[in-house]
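This report refers to the structure that appears directly beneath it.
Where a number appears in this text, it was derived from the coordinates with a stated rule and is not lab data. Bear in mind the structure is a predicted one, so any value in this text is a computation, not a measurement. Cβ: placed from backbone, ideal geometry, glycine included. Neighbour counts: every protein chain shown.
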Amino acid sequence: MITVFIGVVNVSADKAGIIKRDRNHLLRMQPMLEKHWQIAAKISAEADANLGKYPPFLRQILFNRGYADEAAATRFLAGLSLEEQDPLQLSGMPAAVERLAHAIHSGEHVVVYGDYDADGVTATALLVECLRALGANVRPYIPDRFEEGYGLNTAALQQLAEEGAQVVVTVDCGIRALEEAAAAQALGLDLIITDHHSVGPELPTAVAIINSKLPGDEYPEKMLAGVGTAYKLAQALATHFEGSAYDPQSALDLVAVGTVADLVPLTGENRWLVRQGLRRLQQPARQGFMSLMGVAGIKPNKVTAGDIGFVLGPRLNAAGRLDSALEAYKLLTTRDVFEAGKLAQDLDNRNRERQRMTREMAELAEELAIREGEDQRLLTAVHADFNSGVVGLVASRLTENYYRPAIVGQHEGDYVRASCRSIAEFHITDALQECADYFENFGGHAAAAGFTVRAERWPEVETRLQAIASEQLDGLDLRPTLHADLEIPLVDLKADLLNQLALLEPTGYGNPGIKLVSRNLEVRSHRTVGKDSSHLKLAVSDGWVTYDAIAFRLGHLAQDMPKKVDLLYQFEMNEFNGRQSLQLNVRDLKPAAG
């Protein structure tokens, strides 16, 4: 028998019994999950004329993204938005550069204190390499997710001070570490915070704070990732040490990977940074990325933002989720081809284990979170057997499947450590802020956050968060909306459209890939695929042409497949065993309206 939390009630349950329970009650929410399809408005006559140098298909896509004249469209397609922003516009930058320059000249011991996810690890590698190249006595410190948790912690700062550290620079963490910053000051450590997470009502004490979200900060790009923020510091330091051999652009591969993996919007300066970073990844100089792409089966000259998000990023994250993120850090910084190969293979193996663990935890979390007969506004699942490194992925599954904010946590000893994922209608970090007095620590974004709370206080927190969610979400039609760029007959899909789509890369969060809608398609064949039959393979036809289609995680639709369907999809080139074929990557499927 094991103890689990279900909602606010502490009960005993046999894990195997929970897993074997009848899952039919989970299907009751499926009607609410029918997705809205919103197709972009037709291009205006004025914009159509202004964009006349481009093909009609591309004109519509550009118009959908807010580019209605030739000059703006040209800059967007060239990836030139905001590429020359001065890092000294960031309000804490001058003080940070001055303090680090003094540390370098004086030979002081500098520590770069990172986070254990892909954003934090790439940021740590970037700033350590930069400072070392400029002559600093510097080393990394990445906390252990399981022993120390997220962000700064006083015990680590005490250890670093005892080991002779004089300056600590955070990357991707620290903006809400009020007590820890005070402890650093008491220990005689000069603290420089670089972070990109939401700013709390009070700022920590530090020599400098670099975060474009700070009130009054004049830097135009407010959505830099942690690694993007670290890159701006590297740029400023390189300018200060003019004439040094260090070139910050050599780190743009790290910036691209960390930015995409952390799901910050690929717009503005982020888009430019990722585009430049992809060019470096396509001709990799960093042995770690070369080896990681090798074990993942990615050809470097064809690597995309999608490959980072779905292949490279998860493998880097797997190190910190299951063990120590230092393994990922070593991969990014080693120059030894044999060490890189071994580390890359280890990360690939860990990622496979992470995938298995996520599937098993997601099944149990679903059982714990969904309550029979209730229309819940917030889903929660806390269990002693959960792995704290994977709870965020499981929370994402719940949010994706049920379109509700979700909290999934591990109850270990005296504490619950949880990750949160949310929907557009609910700012999860603002909700946590309303419960700030309960937490040992917390932080995050609008859509993702995390916290640690004493176990005996979790029921109170869960009740309070449920009330906040109900207050904000009651009365809303909580269904996900899928946005499509245009409706197009299947017969109009030609291979040359892929060349036009390529101009919009990199795509991802904030700059989504092009989605199309085709209607009244005959289903010529369909079958489930994948180890657990979770995916759907189709052949569809409009009577003129037939296309293969793949619908990931929609295998459950195979049982009641209509004869004719409407599809919302992405048009792409599929490459398998050296053969290329056009296919539809289906995002949603409905019975044909006619």
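Some observations on this one:
- The stretch between D532 and E440, if pulled fully straight at 0.36 nm per residue, gains 29.2 nm over its current Cα-Cα span.
- When the helices of the chain are scored as -39500 (n - 2.57) per DSSP H run of n ≥ 4 and the total is divided over every residue, the value at 222 nm lands at -11000 deg cm²/dmol.
- Computed from the Cα positions only, the extents of the stretch 490-589 along the three principal axes stand at 38, 32, 31 Å, in decreasing order.
- Dipole of the chain, positive direction: furthest Cα of A234, A165, L263, with charges on the beta-carbon: L263
- If the convex hull is drawn through the Cα atoms of the stretch 35-109, its volume per residue in Å³: 188
- Computed extension gain for E471 through E179, at 0.36 nm per residue and net of the alpha carbon distance, reaches 102.0 nm.
- Size check on the stretch 46-153: the Cα extents along the three principal axes, sorted descending, read 61, 36, 23 Å.
- A simple charge model with +1 on the Cβ of Lys and Arg, -1 on the Cβ of Asp and Glu and nothing else charged puts the dipole of the chain at about 2220 debye relative to its Cα centre.
- Dipole magnitude of the stretch 509-583, debye to nearest 20 (Cβ charges: Lys/Arg +1, Asp/Glu -1, about Cα centre): 120
- In the chain, taking the dipole from charged Cβ atoms about the Cα centre, the farthest positive-side position among L364, P143, G92 is held by L364.
- Note that the stretch 136-191, at 37 °C in a medium of 0.692 mPa s, gets a Stokes-Einstein diffusion coefficient of 285 µm²/s from its Kirkwood radius over C-alpha pairs.
- Cα centroid separation - the stretch 240-302 against the stretch 472-506, whole Å: 27
- Over the chain, volume per residue of the alpha carbon convex hull, in Å³: 167
- Potential lengthening between Q345 and H483 on full extension [0.36 nm per residue; Cα-Cα distance subtracted]: 45.9 nm
- Dipole of the chain, positive direction: furthest Cα of T481, A455, G297, with charges on the beta-carbon: G297
- Most to least packed among 89-100, 241-252 [average Cβ atoms within 10 Å]: 89-100, 241-252
- Residues of the stretch 566-587 with amide N under 19 Å of a point placed 7 Å along Cα→Cβ from L498: 569-587
- Shape of the stretch 538-587, Cα gyration tensor, a/c cut at 1.5: oblate
- Normalised radius of gyration (Cα atoms, divided by 2.2 N^0.38 Å) for the stretch 152-222: 1.11.
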